[in-house]
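Structure first, commentary second.
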Amino acid sequence: MENMKPEADSDCGYKCGMLPMCAPLATSWVPPQGANPPMYAPQDVLTRGTLFPGLDLPFMNMVNKTNPYAGTPLGELMALTFMAKELQLYLDTHPDDKEAFKALKDTLALKREGTARYVKLYGPLRLEDLENSETYNWPDGPWPWEYCERMGK
């Protein structure tokens with residue numbers, strides 16, 4: 001606790017263990033993402049964990065190399081959902097980027113079409129998918145975690 005007392009003759013050295021009272025405050029700065037950044041292809045976004053290569057900073061330089069859902073109908077829907085969320089977050093800070101807004105609208109249209117096809121082939125993913133259903137088939141299997149059956153394997 002002695003280190004917390006201000007000392008009149010302190011030189012504000014960095015090796016004191018605790019910051020002395022005369023230490024300056026620090027501020028952090030994160031550079032903003034530039035407008036119209038490059039984007040990964042839809043099949044790569046889930047594996048990379050981001051839509052934008054500029055934000056792809058793998059933890060401890062370990063890069064994901066596999067995605068068990070890649071190339072499957074469920075994987076495609078997951079990727080489109082992720083892309084839409086990434087574009088939404090980008091547009092929150094870049095609302096005037098018309099190309100990104102067009103990409104978001106295109107992604108949402110693909111997601112809507114893909115979801116309709118998926119529900120027709122494999123059953124509902126969300127409760128809302130029962131809106132056009134003739135019967136209540138929500139509890140019918142396979143369940144989403146039984147992905148082998150739901151992916152057509």
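Where a number appears in this text, it was derived from the coordinates with a stated rule and is not lab data. Model, not experiment: these values are computed from the prediction. Cβ sites come from the backbone with ideal geometry, for glycine too, and all protein chains shown count toward neighbours.
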Mean separation of Cα contacts under 8 Å (6+ apart) over length of the range 37-150, as relative contact order %: 19
What order do you get for 122, 136 when you list them from fewest to most C-beta neighbours inside 10 Å? 136, 122
Which whole number of Å³ per residue matches the convex hull of the alpha-carbon atoms in the range 37-150? 121
